[in-house]
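First the structure, in the form of structure tokens, and then the observations on it.
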Amino acid sequence: MLAFLKALFQSKRLLLELTKNDFKQKYVGNFLGVLWAFIQPTAMIAIFWFVFQVGFKSQPVDNFPFILWLVAGMFPWFFFAESFSTGTNSIMANSFLVKKVVFRVSLLPIVPLLSALTVHLFFVFFMFGMFMYYGFMPEIYWMQIFYYLFAMSVLVLGLSWITSSIVVFFKDIGQLVAIIIQFGFWLTPIFWNISTVPEKYHWIIRLNPMAYIIEGYRNSMIYHKWFWEDMNMTIYFWIVTSVLFVIGALTFRKLRPHFSDVL
């Protein structure tokens, strides 16, 4: 872990350049360019707001406007879905680097993670602005968002190391990840409140590490709870995330020498 962090620090300029290039390549040829990275999620939130707030006239959730409750769950999921999906394909998308350039290939899944993080930070502050627009002034609890963002980044990196290394040999993994993201969206309490589910089933829902993140964002922005107030969930999340991180690192290390033979 220390060696990885050291390599990460030593490669910070390379990571920055790769992230900038990744960001630009996604939207090359488009008139609005990188603005699409911000326009698309904003448009989706606007549609959901119109459908649920105006169309279905959704009631406030725990005395909070539905749109605020919704974005506190949607924004972290956008980040997770984007970074996990692109992280899975990071080795395939940069096969020329794997085959021709000698450098730490394990850094490649970090590039789409940083790219998605740039967009997500914009939406975090956008979310802060939305809450203030509705009359909710900043609280110290809001700073906890960055703890959950760090936790989610570690989770995504571990998963991306696993999937990005296996997809080189089994292309179907890319399709499987897309299905997992689709199902995960509806199985994670984003659109629905976990309190609407019988309490005896809560433990099943909370087996999903992203449930901890979504609840964490809402605890920070709405319910004003610290992460240590639910220590059982915090310990469970970090055990699962640490195991996935270690498995991801070992899997990547084991398969890395064979990438150039397959690509």
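The values are calculated or read from the model by the stated rules, or taken from the named source; none is laboratory data. Since this is a predicted model, take the numbers as computed values, not measurements. Note: ideal-geometry Cβ built from the backbone for every residue, glycine included; neighbour counts use all protein chains shown. Side chains included, ligands, DNA and RNA excluded: accessible areas come from the protein's heavy atoms. Shrake-Rupley method; radii C 1.70, N 1.55, O 1.52, S 1.80 Å.
Quick look at the numbers
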quantity	calculated
Yes/no for Val156 being among the β-branched types (Val, Ile, Thr) and touching a Leu at 6+ places or on another chain (Cβ under 7 Å)	yes
Qualifying residues in region 136-193 (those that are in contact with a helix residue (DSSP H, G or I) (Cβ under 7 Å, 6 or more places away or on another chain) and of a type in the set (S, T, N, Q)) - the one surrounded by the most Cβ atoms within 10 Å (Cβ to Cβ)	Ser164
Filter pass, Val111 being under 21 Å from the mean Cα position of the chain (by Cα), in a helix (DSSP H, G or I) and β-branched (Val, Ile, Thr)	yes
All positions within region 150-177 that are more than 25 Å from Phe237 (Cβ to Cβ), out of contact with any Gly (no Cβ under 7 Å at 6 or more places or on another chain) and either in contact (Cβ under 8 Å) with a residue 60 or more places away in the chain or of a type in the set (Lys, Arg) (or both)	Val168, Phe169, Lys171, Gly174
Verdict on Thr163 being out of contact with any Leu (no Cβ under 9 Å at 6 or more places or on another chain), of a type in the set (Ser, Thr, Tyr) and on the phi < 0 side of the Ramachandran plot	no
Some residue of region 154-169 being in a helix (DSSP H, G or I), modelled with pLDDT under 90 and not hydrophobic (A, V, I, L, M, F, W, C)	no
Helices (runs of 4 or more DSSP H) (entirely within region 195-263) containing at least 3 residues that are open to solvent by 40 Å² or more (accessible area, probe 1.4 Å)	231-255, 259-262
